[in-house]
1. Give just the number: which of (1) in contact with a Cys (Cβ under 9 Å, 6 or more places away or on another chain); (2) within 30 Å of residue 143 (Cα to Cα) does residue 73 not satisfy?
2. Filter the range 1-57 for residues that are assigned to a helix (DSSP H, G or I), farther than 18 Å from residue 128 by Cβ and open to solvent by 20 Å² or more (accessible area, probe 1.4 Å) and give the result.
3. Which residues, counting only those in the range 107-142, are within 20 Å of the chain's Cα centre (by Cα), aliphatic (A, V, I, L, M) and either part of a helix (DSSP H, G or I) or more than 13 Å from the ligand (Cβ to nearest atom) (or both)?
4. All but one of (1) more than 13 Å from the ligand (Cβ to nearest atom); (2) part of a helix (DSSP H, G or I) hold for residue 95; state the number of the condition that does not hold.
5. Quick check: anything in the range 118-134 farther than 16 Å from residue 16 by Cα and at pLDDT 95 or above?
6. What are the pairs, 6+ residues apart or on separate chains, where a residue within the range 105-129 that is farther than 20 Å from residue 82 by Cβ has its Cβ under 8 Å from a residue that is open to solvent by less than 30 Å² (accessible area, probe 1.4 Å) and assigned to a loop (DSSP other than H, G, I, E, B)?
7. Considering only the range 60-86, state which residues are open to solvent by less than 30 Å² (accessible area, probe 1.4 Å) and within 13 Å of the chain's Cα centre (by Cα).
8. Between a first residue in the range 54-83 that is more than 28 Å from residue 110 (Cα to Cα) and a second residue that is among the β-branched types (Val, Ile, Thr) and at pLDDT 95 or above, which pairs have beta carbons less than 6 Å apart while being 6 or more apart in sequence or on different chains?
Amino acid sequence: MPRKIAVYPGSFDPITNGHLDIINRGLKIFDSVIVAVACNSSKNSLFSIEERLDLIREVISDNERVKVDTFSGLLVDYVLSQRASVIIRGLRAVSDFEYEFQLAQINRGITMEVETLFMMTSVPYSYLSSSVVKEVCSLGGPVETLVPPSVSKALENKFLLNKMITRSSQSE
Ligand code: ADP
């Protein structure tokens, strides 16, 4: 039987418990899941690609069924290059739907060989996004219940560093 491989693409800036939940649920359906960090995102990111990959690797630890990778260019091209046939995306609120629907239709227009599978968020993570986590942490709020401990530490360090840089540039 051929192995069923799915690609879970995203910005993962940084990975949250909501992402992890989707990965773990994906592993119940697929033999392996490739967590693919998009390099060509137009979004301003807090963490570099390397930092995001390291955080994901740390959180996944040594699960041989999960591969962590980056991709640039067309997602469907990357999916096919990995011998995968499914893209996993998560849906939280209705607000996610329009964008995700558009993306899935565009990808389907490019190739019928790749399916997009949507997974509904688990209730505790329905309002959880990387942006919310960054916002809360930047304001000094607790993020321990939203992200794994290593990510929480990385966020605190990042905002501390950003604060120090801002202060030193103000005093110049
Ligand atoms: P993107 O910039 O591609 O949206 P994200 O890292 O924000 O990248 O999200 C990657 C995928 O994970 C998206 O399909 C998003 O809807 C999904 N996702 C993010 N947070 C959650 C969550 N809390 N529950 C379910 N799915 C989520």
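The values are calculated or read from the model by the stated rules, or taken from the named source; none is laboratory data. This one's a predicted model, so the numbers in the text were calculated from it and none came from an experiment. Glycine gets a Cβ as well: all are built from the backbone with ideal geometry, and neighbour counts include every protein chain shown. Accessible surface is based on the protein model in full, side chains and every heavy atom, while ligands, DNA and RNA are left aside. Shrake-Rupley method; radii C 1.70, N 1.55, O 1.52, S 1.80 Å.
1. Unmet condition: (2).
2. Within the range 1-57, 49, 50, 51, 54, 57 meet the criteria.
3. 114, 123, 132, 133, 136
4. (1)
5. Looking for residues that are farther than 16 Å from residue 16 by Cα and at pLDDT 95 or above, one finds at least one in the range 118-134, hence yes.
6. 121/128; 125/16; 128/16; 129/16
7. 60, 68, 71
8. 55/15; 55/151; 56/15; 56/35; 56/68; 57/68; 59/15; 60/66
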